[in-house]
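For reference, the structure is listed below as structure tokens.
The values are calculated or read from the model by the stated rules, or taken from the named source; none is laboratory data. A quick note: this is a predicted structure, and the numbers were derived from the prediction, not measured. Virtual Cβ from ideal backbone geometry, glycine too; neighbours counted across all protein chains shown.
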Amino acid sequence: MKKTLILTTALAGFAFAATAQEVNVMSWGGAYTKSQVEAYGKPFTAETGIKVNWIDADNPATPIKAQVEAGNVTIDVADVEYSDAIRLCDEGLLEEIDHSMLPPAPDGTPAEEDFLEGALTDCAVANIVWSTVMAYNTDNVNGQPTSIADFFDTEKFPGKRGLRKSAKATLEMALMADGVPAGEVYDMLETKEGVDRAFAKLDTIKDDIIWWEAGAQPPQLLADGEVVMSTAYNGRIFNAAVAEGQPFEIVWDGQILDYDLFVVPKGAPNKDNAMKFIAFATDTQRLADQASWISYGPARRSSGALVGKYVDGKTEMAPHMPTSEAALKNALVNNFEFWADRDTDLNERFNAWLSN
Amino acid sequence: MALPKHASTLERVWHYTYLVICALIFLFLIAPILIVIPLSFNAEPYFTFTEKMLKLDPTGYSTRWYDLLMTFGMIDPDRTRDASWWADFWANSSWMRAAKNSVIIGFFATILATALGTLAALGLSRAEMPARRMIMAILISPMIVPIIITATGLFFFYSMSGLANTYLGIILAHATLGIPFVIITVTATLVGFDQSLTRAAASLGASPQTTFFKITMPLILPGVISGALFAFVTSFDEVVVVLFVAAHDQQTIPRQMWNGIREQISPAILAVATILVVISTLLLTTIELLRRRSERLRGLSPG
Amino acid sequence: MNDAAANAAKAASPEMSDDHLTTADGRPLKVALAEAQAKARRRAFLLVLPLLAFILVSFVFPITQLLYRSVYNPAFSDNMPALVQWFSENSDSTEPGEDAFAALASDLKSLRENKTAGIVGTRVNYDLPGSRSLFTKSARKASKLEPPYREAILDIDEDWADPLLWRVMRTASSPITGSFYLAALDRTRDAEGNIQPVAEERQVYIKLFKRTLFLSALITLTTLILGFPVAHLLATLPLRQSNLLMIFVLLPFWTSLLVRTTSWIVLLQSQGVINNVMVATGVLDDESRIQMIYNQTGTIIAMTHILLPFMILPLYSVMRPIDPSYVRAARSLGASSWTAFRRIYLPQTVPGVAAGALLVFILAVGYYITPALVGGSNGQLISNLIAFHMQKSLNWSLAAALAALLLGGVLILYWLYDRLIGIDNLKLG
């Protein structure tokens, strides 16, 4: 027994490169990863025999850079936000993805046309449209918040607020809450005055903010009553509300839409399997299937028609999607170019602000 | 500590106030550790005592969180608990896997730290040891240097040398962190070590090896074992290095807890905490027994 | 071997001239003695050698390597060869003319080909915030660049004419740089090369160092206040009782750090045990629950608890051997119990206080896990910022510079500890 133990331990170090038939996919954990496991991972393994190892991260974009630059890549596929996909690609940290390997829609439309606008880039293939929304626990809020401005109004709705610990989305929401129309948010953030204004708005609730980092945290904070309102990824709130019966409501006003895209880090140990996985996971049916596990919109036009009910067989998914008509009334589409360029800079200022 | 008979009222009052203060501090020390135990048996997903719990109603308590711990990560947790269920548990349960990793890493790190540490402690406690102070300071430094700096340094070093994402890398790192504890406990034992015993053995014709194994070893063994336990606990509790250099399938118990605390702090985390409290109680008891035995042997303790 | 040396030492009386004494085999005693001692030293050292080598390789070397990163960053120099060349050929005062822009254009083209614009941009961005996009944007358009380059490049973005940018690029063109230490001290260089504080809304590191020192000092003080009476009680009780009570100190000491941190979350959060008890007993109403965690308070409470044993144990080991008859003598000579305590007992505990306080302070300064979990935004310490730059912003050179500053501070304290108390007096349990 002991001998085998020693042997296993000694071998485990080298085993990594040796086992061929697997693919390591890094995603955001919780309900989101679960939807990907069910819709992509299990059928993929069943069809190809390639084992999928799911790894959780707060934001998979950051380990990629660390791994590639340190010359120690273990991830094959990562699920990242749009601006990060662009930025990482710019920096030469990603493998290019050949769009021709992506399967066409069932009616024969080529993938290039079937995907939503911007969903395919040199290094990335989108799988979902998601959004950052504000949500609240109906048990703990007196009255009904209806706008993003209410999130910043601690007089009308007293209590703690949960916010993602990053400049992205936070600054936009602050400006929208301050009365800036969605269309002008990024123009304003280009200027120092605009950034100052966003931070000034955040200052008004700074003492009431509890910061979260992982997507699974906000539903937990809301459920525990640690915060009365929180920003969150819309799918997490949907799952907590529908699957776990939590009394959560989403306020779509001021939501920020974004893609999540699959990328392959440069030097991925199982690159071929990674490409196979991406092609498999982003076909019309898989994307539609994923939407039955969590309320994120598929990135292919042809998947839209196939989206039906939640896995409980009762809940229609369409009204819960961030792309539904009601949800889009006052919505902002994340400006990936802005964040690809300004992320470092604004986060630096954000950090300085946080610790003051 | 008893109050003398002639104590004034003021002194009396102070004396009892003092005892109350001490009692409160002891409470502060121990209450946070004990509080997790009953809460881990909460039937509700809350972190507080429910009314049912306070009334000691059995329905307020359950082992559901322990069950969740076991089944988390299993492929098919819901079927009947026969042999194949247990096989599934052994192979796939996330916490089981973390426990296995923790034990494997802890075991080898302890062996390495104890072997090298004891040897060095024997050298360090000799009067002839050159540059003793300097070397001792270097050997103890892994305990003093902020862990984030150690972890960062190892991250670059391991990425460069190919030790990243290997068990060997984590074992070496944990051994390094455990070594100061071994050095401290073993040298402490050797301070009280009567060198005339080894001289007696030598003068009676024993070889250095025989002297070491028959005389020195049995006497310093309690110190070595305490050092080993310290090293084990250090590894068993370490999370930062694992965060920086371990692969996804090398998650240890603290690493898994770290995720749990940050993301979904459910009473399941309290169940893990309870188990760890029980383990540390056992380790502490062992250490205490060893210490007393060692003191008795050396005639230092009243009993 | 000990005996040989010892016997030899006994035999060699200092008054005697060494020349007259020889060992049985006729060698001068002095030589034999020196040989025996050298041999003993070698043996002792050989026992320590494996561990020393191990620590040097697995610990000291990686940290040295890390420190090197704080002054070495080749991101610019590796990827902008033409401009690096231009900088080396032209002095500080040269205005960048057409030749400089031609070099820039050729580098921008290679940035595009090698997809390294982001790497260079990120490097320059560290010293000049907001300049990253200049590189990525210009590299994207680099293939169209035609002479005259100066005009063509300024056409893409006129920020390329900024003298500060050229100053920053000149600094970055050398892989060995002190600019990360400047950044770690909230300083930067202006266009003339003078060291200036960065804009106020960007200053963070000095503040964090100060906060780390302040919180560590505060935690040291609270552990001392809480630890002293307990250590005193344990030291004055009969051994049997104190051994029993010692469990209260040692059990936390042996319990996982994460367990203890979890416990404090459970106790302190706004729906946690303490708030609930206060609400249930009517001390607080439901609306005014106290926020005791995810802020500085959380960090202080949890760290005080975690570090308290490190204060109690050294205090105890100093207090235990203090002879109670001194205090009794003082009392019998008419001192009040307070005076006797203050004048007689307290001075004798000073070594324990120093040992405990230094140890707690050293450990507190480097804390990471607990502040990360319970510190919220204003309870973070410098270690958390190092972790942030390591894992999130990936500014590794800055992380290394911050680490070097922290390490320097800790090593000074460690040296002080060794001088005052001695490393060998470190006791655990």
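Listing for the model above:
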{"quantity": "Any hit, segment C:376-384, residues being β-branched (V, I, T), within 12 Å of chain B (Cβ to nearest Cβ) and either surrounded by 22 or more Cβ atoms within 10 Å (Cβ to Cβ) or touching a Leu at 6+ places or on another chain (Cβ under 7 Å) (or both)", "calculated": "yes"}
{"quantity": "Entirely in segment C:122-219, the helices (runs of 4 or more DSSP H) that have 2 or more residues that are loosely packed, with under 15 Cβ neighbours inside 10 Å", "calculated": "C:149-156"}
{"quantity": "Filter result for C:T188 (touching a strand residue (DSSP E or B) at 6+ places or on another chain (Cβ under 7 Å), more than 9 Å from every other protein chain (Cβ to nearest Cβ) and of a type in the set (S, T, N, Q))", "calculated": "yes"}
{"quantity": "Matching residues in segment C:280-293 - criterion: being modelled with pLDDT under 90 and within 18 Å of A:P158 (Cα to Cα)", "calculated": "C:L284, C:D285, C:D286, C:E287, C:S288, C:R289, C:I290, C:Q291"}
{"quantity": "Per-region count, segment C:282-311, residues out of contact with any Ser or Thr (no Cβ under 8 Å at 6 or more places or on another chain) and part of a helix (DSSP H, G or I)", "calculated": "9"}
{"quantity": "Residue selected from segment A:196-213 under the condition touching a helix residue (DSSP H, G or I) at 6+ places or on another chain (Cβ under 6 Å) and not in a strand (DSSP E or B), by the criterion nearest to C:E201 (Cα to Cα)", "calculated": "A:F199"}
{"quantity": "Subset of segment B:248-291 [out of contact with any Pro (no Cβ under 9 Å at 6 or more places or on another chain) and among the basic types (K, R)]", "calculated": "B:R255, B:R262"}
{"quantity": "Total residues in segment C:65-78, condition more than 8 Å from chain B (Cβ to nearest Cβ) and either within 14 Å of C:L407 (Cα to Cα) or surrounded by fewer than 19 Cβ atoms within 10 Å (Cβ to Cβ) (or both)", "calculated": "7"}
{"quantity": "Filter pass, C:V279 being in a helix (DSSP H, G or I), within 23 Å of C:L226 (Cβ to Cβ), assigned by TED's automatic domain parsing to the domain that holds C:G376 and free of Cβ contacts under 8 Å to residues at least 40 places away in the same chain", "calculated": "no"}
{"quantity": "Subset of segment B:39-57 that is surrounded by 15 or more Cβ atoms within 10 Å (Cβ to Cβ) and assigned to a helix (DSSP H, G or I) - its residue that is farthest from the other protein chains (Cβ to nearest Cβ)", "calculated": "B:K52"}
{"quantity": "Selection from segment B:180-202 of residues that are within 11 Å of chain C (Cβ to nearest Cβ) and either modelled with pLDDT of 90 or more or within 25 Å of the chain's Cα centre (by Cα) (or both)", "calculated": "B:P180, B:F181, B:V182, B:I183, B:I184, B:T185, B:T187, B:A188, B:L190, B:V191"}
{"quantity": "Matching option when the condition is under 22 Å from A:L94 (Cα atoms) and within 39 Å of the chain's Cα centre (by Cα), among C:A117, C:A142", "calculated": "C:A117"}
{"quantity": "One residue from B:I140, B:I183, B:I170 being under 29 Å from B:I225 (Cβ atoms), surrounded by fewer than 24 Cβ atoms within 10 Å (Cβ to Cβ) and touching a residue at least 12 places away in the same chain (Cβ under 8 Å)", "calculated": "B:I140"}
{"quantity": "Filtered residues of segment A:29-77 (kept if among the polar types (S, T, N, Q) and closer than 24 Å to A:A340 by Cβ)", "calculated": "A:N59, A:T62, A:Q67"}
{"quantity": "Number of positions in segment C:385-406 that are among the polar types (S, T, N, Q), within 11 Å of chain B (Cβ to nearest Cβ) and either in contact (Cβ under 8 Å) with a residue 40 or more places away in the chain or not in a helix (DSSP H, G or I) (or both)", "calculated": "0"}
{"quantity": "Unmet requirement for C:D107, which otherwise passes all of (1) in contact with a helix residue (DSSP H, G or I) (Cβ under 6 Å, 6 or more places away or on another chain); (2) farther than 22 Å from C:L164 by Cβ; (3) in contact (Cβ under 8 Å) with a residue 24 or more places away in the chain", "calculated": "(2)"}
{"quantity": "Among the candidates B:T281, B:T252, B:T286, residue that is surrounded by fewer than 17 Cβ atoms within 10 Å (Cβ to Cβ) and either in contact (Cβ under 8 Å) with a residue 24 or more places away in the chain or at positive phi (or both)", "calculated": "B:T286"}
{"quantity": "Residues of segment C:407-429 that turn out to be among the β-branched types (V, I, T) and either facing chain B (nearest Cβ under 10 Å) or touching a strand residue (DSSP E or B) at 6+ places or on another chain (Cβ under 9 Å) (or both), as a count", "calculated": "2"}
{"quantity": "Given (1) outside any helix (DSSP H, G or I); (2) within 12 Å of another protein chain (Cβ to nearest Cβ); (3) under 23 Å from B:I275 (Cβ atoms), index of the condition B:R81 fails", "calculated": "(2)"}
{"quantity": "Flag if C:G334 is on the phi > 0 side of the Ramachandran plot, more than 10 Å from every other protein chain (Cβ to nearest Cβ) and either assigned to a loop (DSSP other than H, G, I, E, B) or crowded, with 18+ Cβ neighbours inside 10 Å (or both)", "calculated": "yes"}
{"quantity": "Answer residue from segment A:31-83, given it is touching a residue at least 24 places away in the same chain (Cβ under 8 Å), away from every other protein chain (no Cβ under 12 Å) and surrounded by fewer than 17 Cβ atoms within 10 Å (Cβ to Cβ) and is nearest to the chain's Cα centre (by Cα) among those", "calculated": "A:E38"}
{"quantity": "Residues located in segment C:136-162, provided they are under 29 Å from C:D186 (Cβ atoms) and either facing chain A (nearest Cβ under 9 Å) or in contact with a strand residue (DSSP E or B) (Cβ under 6 Å, 6 or more places away or on another chain) (or both)", "calculated": "C:T136, C:K137"}
{"quantity": "Residue list for segment C:231-267, restricted to those being facing another protein chain (nearest Cβ under 7 Å), among the aromatic types (F, W, Y) and in contact (Cβ under 8 Å) with a residue 24 or more places away in the chain", "calculated": "C:W264"}
{"quantity": "Criterion (touching a Ser or Thr at 6+ places or on another chain (Cβ under 6 Å), closer than 19 Å to A:A135 by Cβ and not assigned by TED's automatic domain parsing to the domain that holds A:T315) met by exactly one of A:G245, A:G235", "calculated": "A:G235"}
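Results for (1) touching a Leu at 6+ places or on another chain (Cβ under 7 Å); (2) under 30 Å from B:L163 (Cα atoms); (3) among the β-branched types (V, I, T), shown as yes or no for each residue.
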position	(1), (2), (3)
A:Y32	no, no, no
A:K42	no, no, no
A:I50	no, yes, yes
A:E91	no, yes, no
A:M101	no, no, no
A:F115	no, no, no
A:A119	no, no, no
A:N127	yes, no, no
A:S131	yes, no, no
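This table checks each residue for (1) crowded, with 24+ Cβ neighbours inside 10 Å; (2) acidic (D, E).
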site: A:L171; (1), (2): yes, no
site: A:L175; (1), (2): yes, no
site: A:V180; (1), (2): no, no
site: A:M188; (1), (2): no, no
site: A:E193; (1), (2): no, yes
site: A:D196; (1), (2): no, yes
site: A:A214; (1), (2): no, no
site: A:Q217; (1), (2): yes, no
